[in-house]
Amino acid sequence: MTTTFHNHIAGQWQPALGGARFEDRNPADERDLIGLFPDSGAEDVQVAVAAVGQAWPAWAAASPEVRANVLFKAADLMSARAEAIAAELTREEGKTLGEALNESRRIAANFRLYAGEALRLGGETYASEAGQMVLSLRQPVGVVAVITPWNFPLSMAARKIAPALAAGNGVIFKPSEVTPLMGQRLVEVLLDAGLPAGLLALVHGRGASVGQAITASRGIDALTFTGSYQVGRQIAAALSTDTRCQLEMGGKNATIVLGDADLDKAAAIIRRGAFGLTGQACTGTSRVLVARPLYAAMVEKLAETARGIRVGRGTAEGVGMGPVATAQQYEKVLNYIDIARAEGARVVTGGASLRESDPALAHGYFISPAVIDGVTPQSRLMKEEIFGPVVAICPFDDFDEATTLADDTEYGLAVSLVTNDLQKVIAFAQRTQHGIVKVNSPTGGVSLNAPFGGFKHSSNQAAKEQGGANVMDFYTRIKAVYLGG
Ligand code: NAD
């Protein structure tokens, strides 16, 4: 029997007011229907925003321990449910079980981190005249809208919802329509941990309906979005100017292999960056720039590495790469392989649909990992975000050219350098126009307590996600208070 899921609005589980539903299916086997979810509209958003608006002031007035304890409890529940949720994540998004477990286990750590922030939140005092005291008062913003993508459906949502709640805000959450079940599970964990009714609204649905209605709502005080540049730009244009807005968007991330690099090590780093999570990480490696003397050998090594990856259902033993997440992704990635050929590039390996190759893969969105050679810096494969298991490889002649090529895209999210040359590492870290710089590790894979965010089209750079002292800046606002004098 098909399970029908609901929105969570004003403390109640309820269908979309218009009654419509959409299907959630398994990308490894499109015949597998996971469930039906509310295909909500502007009317659901309106009710949800009003309910959150009513609920948050009491939460903000509660003691910091109350907020922290809910998040600590949510962390415990998440740990206890991590394996069950990971299995559902693989079924819904396609990533391998190991990748799914990494993600689901991380949520517990994330909740603990922000539980601590709830307790640590504070302001400053300032040198002032005799008889006067001047201080900063940090308060919640109010109603925070959270709109997230499907590729890390738990992490992207948790790293926004947890700090928002820790600071005393209420949240309206719209998960991606590709991964609604993960949105559901995250909200269940928080509700089971004792979150007050109405404080966190879950509104399922599509970007063009629910997402746009949230963006147009005058009842939200802040909006935090992770997704594509194309959608981020629309949100920025539509939002009211007094709504605080954080946009984390796409990337066209490069790994640079300098002349002193060990080929095996470099190939292992690129493999994780480019083909981990089926190439569907915002920080995934999609360009590889290689010192010319190593170039031919690197192309061969990378092709051999890619051929060694077993593609299949994320639940199967020994599988190194799952399907891409949707039919749209499948078409898009294969289309980029055609573009590569049309541009005169060489598909060294991969880039083929595996549907015909194996009856077990016939109903899923399986594509073999691709290595593309013979691209020019102007080629679309070097400029546009593909968001799939495709890596374009290109030689350079000197370090300056490598740094220029790395920055030669409209994005600026993550970049990595494979070398033991410390002076070049220092020069590169200072020069590059990327928000995340990795050395001898893949472009993807970040710490949950380090600042996260890109430059250029990868972010509106309003505030970093995560990070140190400023981690709660987006979710709070500061008043300067003058006492006496
Ligand atoms: P997307 O932009 O299509 O959708 C993201 C979210 O926005 C979804 O919930 C979607 O329903 C919603 N949405 C769509 N249209 C909308 C509209 N007009 N108004 C409001 N909301 C709308 O992105 P996606 O395909 O889900 O995810 C892939 C993209 O996300 C890639 O570009 C990837 O690089 C990016 N991403 C970035 C980061 C980061 O931290 N920088 C992390 C993960 C993914």
request  = Take the Cα coordinates of region 349-485, assign each an equal point scatterer, and use the Debye formula without solvent to give log10 I(q)/I(0) at q = 0.13, 0.19 Å⁻¹.
outcome  = -0.76, -1.19
query = Taking a probe of 1.4 Å, how large is the accessible area per residue of the chain, in Å²?
reply = 39 Å²
task = Mind checking which lysines have their Cα closer than 29 Å to the Cα of K301? Skip sequence neighbours fewer than 8 apart in that chain.
result = K95, K252, K265, K332, K383, K424, K438
key: Percent antiparallel among DSSP beta bridges (both partners in the chain, rounded to 5)   = 40 percent
query = Working out 0.36 nm times the residue gap between S240 and A60, then minus their Cα-Cα distance, what length gain in nm do you get to one decimal?
reply = 62.4 nm
query = Within straight cross-link reach of K479, meaning Cα distance under 26 Å, which lysines are found once same-chain residues fewer than 8 apart are removed?
reply = K160, K464
ask   = Is region 233-368 rounded, prolate or oblate when judged by the Cα gyration tensor, a ≥ b ≥ c being the square roots of its eigenvalues, rounded requiring a/c under 1.5 and prolate requiring a/b larger than b/c?
value = oblate
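Using a ≥ b ≥ c from the Cα gyration tensor of the chain (square roots of the eigenvalues), is it rounded, prolate or oblate, where a/c under 1.5 gives rounded and otherwise the larger of a/b and b/c decides, a/b for prolate?
Oblate, since a/c reaches 1.5 and b/c is not below a/b.
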query = A362 versus R218, label points 7 Å from Cα toward the beta carbon: distance in nm?
reply = 5.7 nm
key: Antiparallel bridge percentage (DSSP; both residues within region 253-439; nearest 5)   = 15 percent
inquiry  = Need one value: the accessible area of L119 in square angstrom, 1.4 angstrom probe, rounded to the nearest 10.
reply    = 90 Å²
Accessible surface of region 253-439 [probe 1.4 Å, protein heavy atoms]: carbon and sulfur percent = 49 percent
query = Given only helices, namely DSSP H runs of n ≥ 4 each adding -39500 (n - 2.57), what is the per-residue ellipticity at 222 nm of the chain, to the nearest 500 deg cm²/dmol?
reply = -12000 deg cm²/dmol
ask   = Taking only C-alpha pairs under 8 Å that are 6+ residues apart, what is the relative contact order of region 253-439 in percent?
value = 27 percent
ask   = Of the chain, which part is the longest with no GluC sites (Glu not before Pro) in a loop (DSSP not H, G, I, E, B) and with at most 11 other C-beta atoms within 10 angstrom?
value = 130-316
request  = Please report, in debye to the nearest 20, how large the charge dipole of the chain is about its Cα centre when each Lys and Arg carries +1 at its beta carbon and each Asp and Glu carries -1 there.
outcome  = 500 debye
remark   = With all protein chains present and a 1.4 Å probe, the order of Y482, Y365, Y114 from largest accessible area down is Y482, Y365, Y114
ask   = What is the chain's relative contact order, in percent, from Cα pairs under 8 angstrom and six or more apart in sequence?
value = 18 percent
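The values are calculated or read from the model by the stated rules, or taken from the named source; none is laboratory data. It should be emphasised that the depicted structure is a prediction, and the values quoted were computed from it without experimental measurement. We place every Cβ from the backbone using ideal geometry, glycine too, and count neighbours over all the protein chains shown. What goes into the accessible areas is simple: the full protein's heavy atoms, side chains included, and nothing from ligands, DNA or RNA. Shrake-Rupley method; radii C 1.70, N 1.55, O 1.52, S 1.80 Å.
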